[in-house]
């Protein structure tokens, strides 16, 4: 039983470090150093490293914890509503998420984040599925390369989320313009001059 209090402390420290890293991810410009995370958690830097084994492992766990509900939400929307409505709703929520978590993209390049990498792939797959199903429903044009459409949607969404003017109104206007642009052209648009 002598190891029990030590394990309890390790679990508590792990939780505190994870909460601290997650909180810092929501602060634009926050430093995601072991020292900053330790200070936020009220722990020593060595304790934070010991709790996860490395800064990369800690950040992987923190970001994955934030991303899992986003990926699940994409899947739920696709199961609950039309693909076009799922895409529209999800893009608005994704912009809000990206706006609230700048540090996820700002400071994580070059880190070993296997759980985050897998979740990003799941997220891309979910958006691709929304787009594919919307194409099948006739809500999305078919004359654009599907891979390019996915990149367009992802990059444009990220750009709006990072805009200094980011707001729900800007996101809604962007999504309206994007969805209008992705809608199949009418016969008169395809064949100008025909009435």
Practice task
Return yes when residue 141 is over 30 Å from residue 31 (Cβ atoms), touching a residue at least 40 places away in the same chain (Cβ under 8 Å) and outside any helix (DSSP H, G or I) and no when it is not.
Solution key: yes
Practice task
Could you tell me whether any residue of segment 152-163 is modelled with pLDDT under 90, part of a loop (DSSP other than H, G, I, E, B) and in the same structural domain as residue 93 (by TED's automatic domain parsing)?
Solution key: yes
Exercise for the section: Specify which of the listed residues (91, 111, 131) is over 11 Å from the mean Cα position of the chain (by Cα) and in a helix (DSSP H, G or I). Expected result: 131
Practice task
Scan segment 25-36 and give yes if some residue there is on the phi > 0 side of the Ramachandran plot, surrounded by fewer than 17 Cβ atoms within 10 Å (Cβ to Cβ) and in contact (Cβ under 8 Å) with a residue 60 or more places away in the chain, otherwise no.
Solution key: yes
Problem - Matching entry among 86, 17, 100 (being in contact with a helix residue (DSSP H, G or I) (Cβ under 6 Å, 6 or more places away or on another chain), touching a residue at least 24 places away in the same chain (Cβ under 8 Å) and assigned by TED's automatic domain parsing to the domain that holds residue 171) - result: 86
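The values are calculated or read from the model by the stated rules, or taken from the named source; none is laboratory data. Please read all numbers here as calculations on a predicted model, not as lab measurements. A quick note on method: Cβ atoms are made from the backbone with ideal geometry, for glycine too, and the neighbour counts reach across all protein chains shown.
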